[in-house]
There are 2 protein chains.
Amino acid sequence: MATTIKDIARQAGVSAATVSKVLNRKDHSIGEKTREKIWSLVKELNYTPNSIARSLITRSSRVIGVIVPDILNAYFTELVRACDQAARERGYSTILCNSDSDPEKEASHLTFLASHGVDGIVLAASDLIPDAHLLERLRIPLVSMDREIPDLDCLAARIDTDYETGAFLSASHLIRAGHRRIAFVSGNPQASNTKIRRAGFERAHREAGLPVDPDLIECGAFNHRFGLVATRTLLDRTSFTAMCCMSDMLAMGATVALRERGLSVPEDCAVIGFDNIYIAPLLVRPLSTIERRISESGYLAIGALIDFLDDPTHPRRMVLMEPTVIQRETT
Amino acid sequence: MATTIKDIARQAGVSAATVSKVLNRKDHSIGEKTREKIWSLVKELNYTPNSIARSLITRSSRVIGVIVPDILNAYFTELVRACDQAARERGYSTILCNSDSDPEKEASHLTFLASHGVDGIVLAASDLIPDAHLLERLRIPLVSMDREIPDLDCLAARIDTDYETGAFLSASHLIRAGHRRIAFVSGNPQASNTKIRRAGFERAHREAGLPVDPDLIECGAFNHRFGLVATRTLLDRTSFTAMCCMSDMLAMGATVALRERGLSVPEDCAVIGFDNIYIAPLLVRPLSTIERRISESGYLAIGALIDFLDDPTHPRRMVLMEPTVIQRETT
DNA sequence: CTAGCTTAGGTAAACGTTTACCTAACGAGT
DNA sequence: ACTCGTTAGGTAAACGTTTACCTAAGCTAG
């Protein structure tokens, strides 16, 4: 139905190979007028090369798969958007997969992406430890973001955030403001993701000569729903004057729970988030948070991946993003 | 490198055609033991068919393209997520494109999707009128969501929202609460999208015997940045006690501007949004809004598209979603 | 005994590209 | 007159599938 390279070739009176060479700018040995004729036919017939056929023969699709736990989490929305933009700027496009933090879904997305011939994959934060055997078998260049990952030879880069420092800053910020009983809410307690943050939180207390009350800790997931229920649980169990939430979504859920109980933020209880999602400053009471430059890390991930695709001997990158405090009105 | 159908065939001692038949369940004429041998080899060698080769020959990729103006707008995040989920449930996957409301980007995404052989496209709300010639030429089954679109024969369905009623409800809600001077903030003033909403807004006033002051109208874009600047402009120009924002993102921007001037919501100025994005109830002061069942409309879009793909004579769907009011704490 | 059906599977073309290698003509240098 | 290079372009295989059509054997019915 659509125009193919053969249509162009026939109408130009040359072979398909010649057209292909011109289209791919490998036309040092093609005459000027043939070249022009081909280009004008391409315009006239609105010819666009069939990427599928091209991928089949070149074994490269110029597509990058991006796997995130849940795009509804505004943090991942921003990340995905940045990855997509970075990829397009370099002639790639992306295909997005939500794993819902489910190992089976993650594995099925991985094989899906492989069967669709993606050139590389960005595997973003998740409580999961990815299936090393599968990754090993697939042998697709990979960038890991904020997650535990085995040291595969198809690992192009790791982009991690210094969660220890982030959590340390977050707790210190509140301790300096005079808080003594600070709740800590984070994701899956088994994930290194959360363990490291907890370590930073505890270090801040240690350095300030403060104890850490285990009753003030609630870990489960990074979404707003957990923020809501964790805060309710904490309020029922104990008392505190501030909350360290390890994601902005958690902080949003927490604030709703505090309001429910008639507590106002930050007067009755201060709340600090983590991520600085673009919504944070738009809340009616703008949320204090830990900035982690989400878009920049997306750009880094895609950049590292494409550099690796261009040249697999390119030195692997290991980036550790340094978070900073942003004080708004909730603390 | 990866296992192909020929590897399976060789090891099973049959031809590739036989393997293909078994894999595709067209194996009525294949012996029981051959069948079993093939399946066990498939498992053993971790064979996954190469989707690219398959697409090339079958001319179907089981991929659906989704074009939105900007995934950072939480409304589209939810929509995209719903489309993706609906598609996966029916064995399709999606590929996402952000047009940034730019006609050139939209056109380039359209040809990109075409060259990658997507089976269908969901074209979501945008201030743009799509390039009818391009669409006509591409001949890819299409679902249009909340946008003006020519009546192409590849149009599988239209999913629209009854914006006139939505805006009417929104304004009436505020009028009933006693407001007399209500600002109206919406997207691109040229787009039918906005004109229709404005009509609903005006009808609510007419039916209540109230005049509409043109000074209270500001139209430009649907994002939070415009909400912020439009509200500043309105506050500088005139006075009002309530705002009809035609998207929740606008409402979020508006609330920030009101706070800036020391006005509290809803005491000094009520604000109502539109869309009921999932963040609306999480704002420290939960946002009143117009519900439009975003996920449901995503499901509808993908469902209509796939039905059309399955059977192009399937009756075209024209859905008009009916919005409702959700009162929270900003009104 | 043979026409015809069923069962089990093979053959080869096709999808739309890319690319390694070939050819043919022409001119220049020796 | 011959090699050699260059220029301009063609040939055909290859990528990994699917599928229309073929074959060959075995069986059954008349």
Study note, to complete from the structure: Within segment A:232-267, the residues whose backbone N lies under 14 Å from a label point placed 7 Å from the Cα of A:Ala208 along the Cα-to-Cβ direction are A:240-245
Check your understanding: Once you list every other residue whose beta carbon is under 10 Å from the beta carbon of A:Ser60, what net charge do they have if Lys and Arg are +1 and Asp and Glu are -1?
Key -> +2
Exercise for review: Output, in nm with one decimal and in ascending order, the distances from the B:His133 label point to the matching label points of the other copies (7 Å from Cα along Cα-to-Cβ).
Suggested key: 5.7
Check your understanding: What nm distances, shortest first, do you get from the label point of B:Asp162 to those in the other copies when the point sits 7 angstrom along Cα to Cβ?
Key -> 5.7
Review point. D for segment A:78-172, whole µm²/s, Stokes-Einstein with Kirkwood Rh over alpha-carbon pairs at 4 °C and 1.567 mPa s: what number?
Key: 90 µm²/s
Check your understanding: Taking the DSSP beta bridges in chain A as the whole, what percent of them are antiparallel, to the nearest 5?
Key -> 10 percent
Check your understanding: Helix A:248-260 versus the longest principal axis of chain A: what is the Cα-based angle in degrees, 0 to 90, to the nearest 10?
Key -> 40 degrees
Exercise for review: Calculate how steeply helix B:224-237 sits against the longest principal axis of the alpha-carbon atoms of chain B, using the helix alpha-carbon long axis, and give the answer as 0 to 90 degrees to the nearest 10.
Suggested key: 10 degrees
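Within a 10 angstrom radius of each residue's Cβ in B:110-122, how many Cβ atoms of other chains show up on average? Whole number is fine. Please list the in-between numbers first.
Details: counts 0, 2, 4, 2, 4, 8, 11, 6, 0, 0, 0, 0, 0.
For this peptide, the per-residue mean of nearby foreign Cβ atoms is 3.
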Check your understanding: With every protein chain in place, what's the accessible area of B:Thr241 (1.4 Å probe, Å², nearest 10)?
Key -> 60 Å²
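Counting helices only, and only those DSSP H runs with n ≥ 4, report the 222 nm mean residue ellipticity of chain B as the sum of -39,500 (n - 2.57) divided by its residues, in deg cm²/dmol to the nearest 500. Numbers along the way, then the final one.
Working: 12 runs with 147 residues, N = 331.
Helices in chain B give a 222 nm mean residue ellipticity of -14000 deg cm²/dmol.
From other protein chains only, count the Cβ atoms within 10 Å of every residue's Cβ in A:253-260, then give the mean.
Values: counts 1, 0, 3, 5, 0, 1, 4, 0.
The shielding value for this peptide is 2.
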**Study point:** Which of A:Leu283, A:Leu113, B:Phe201, positive extreme of dipole for the protein assembly as shown (C-beta unit charges)
**Key:** A:Leu113
Check your understanding: Shortest first and in nm to one decimal, what separations exist between B:Gly262 and its copies in the other chains, measuring from label points 7 Å along the Cα-to-beta-carbon line?
Key -> 3.0
Check your understanding: Given just the C-alpha atoms of the protein assembly as shown, how large is their convex hull per residue in cubic angstrom?
Key -> 184 Å³
Point to revise | Estimated buried accessible area (total), pair A and B, 1.4 Å, Å² to nearest 100 | key: 4500 Å²
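How large a share of the accessible area of the protein assembly as shown, in percent, is made up of carbon and sulfur atoms when the probe is 1.4 Å and the other protein chains stay in place?
Details: 14300 of 27480 Å².
The computed percentage sits at 52.
For chain A, what is the charge dipole size about the Cα centre, in debye to the nearest 20, if Lys and Arg each add +1 at the Cβ and Asp and Glu each add -1 at the Cβ?
Numbers: 39 positive and 42 negative charges, 208 e Å.
Roughly 1000 debye, rounded to the nearest 20.
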Check your understanding: Given B:Ala87, A:Asn46, A:Leu216, which one lies farthest toward the positive end of the charge dipole of the protein assembly as shown, if we put +1 on the Cβ of every Lys and Arg and -1 on the Cβ of every Asp and Glu?
Key -> A:Asn46
Review point. By how many degrees, 0 to 90 and rounded to 10, does the Cα axis of helix A:32-44 deviate from the longest principal axis of chain A?
Key: 60 degrees
Review point. Which of rounded, prolate, oblate describes segment A:5-49, given a ≥ b ≥ c as roots of the alpha-carbon gyration tensor eigenvalues and a/c under 1.5 marking rounded, otherwise prolate only if a/b is larger than b/c?
Key: rounded
Review point. Lysines near A:Lys105 by alpha-carbon distance under 21 Å, same-chain residues fewer than 8 away left out - which ones?
Key: B:Lys43
Point to revise | Buried on assembly, segment A:39-57 (at least 50 Å² less accessible surface than by itself, 1.4 Å probe) | key: A:Asn46, A:Ser51, A:Ile52, A:Leu56
Check your understanding: Nearest 0.05, what FRET efficiency do A:Thr48 and A:Asp151 give at R0 = 51 Å with Cβ-Cβ as r?
Key -> 0.80
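Mind putting a number on the dipole of the protein assembly as shown about its Cα centre? Charges go on the C-beta only, +1 for Lys and Arg and -1 for Asp and Glu, and I need it in Debye to the nearest 20.
Numbers: 78 positive and 84 negative charges, 278 e Å.
Around 1340 debye, computed over the protein assembly as shown.
Where only protein heavy atoms count, and the probe is 1.4 Å, what is the accessible area per residue for segment B:43-163 in Å²? Let's see the in-between values first.
On the way: 4440 Å² over 121 residues.
Value returned for segment B:43-163: 37 Å² of accessible area per residue.
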Practice item. Work through the residues other than B:Thr241 whose Cβ is under 11 Å from its Cβ and net out their charges, Lys, Arg +1 and Asp, Glu -1. Key: 0
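Applying a 10 Å radius around every beta-carbon, put A:264-276, B:254-266 in order of their mean neighbour count, most first. The partial results should precede the final answer.
Numbers: A:264-276: 22.8, B:254-266: 18.7.
Highest to lowest by the protection proxy: A:264-276, B:254-266.
The values are calculated or read from the model by the stated rules, or taken from the named source; none is laboratory data. In this text, all values refer to a predicted model and were calculated from it rather than measured experimentally. Please note: Cβ atoms are built from the backbone with ideal geometry, for glycine as well, and neighbour counts cover all protein chains shown. All accessible areas refer to the heavy atoms of the entire protein, side chains included, with ligands and DNA or RNA removed. Shrake-Rupley method; radii C 1.70, N 1.55, O 1.52, S 1.80 Å.
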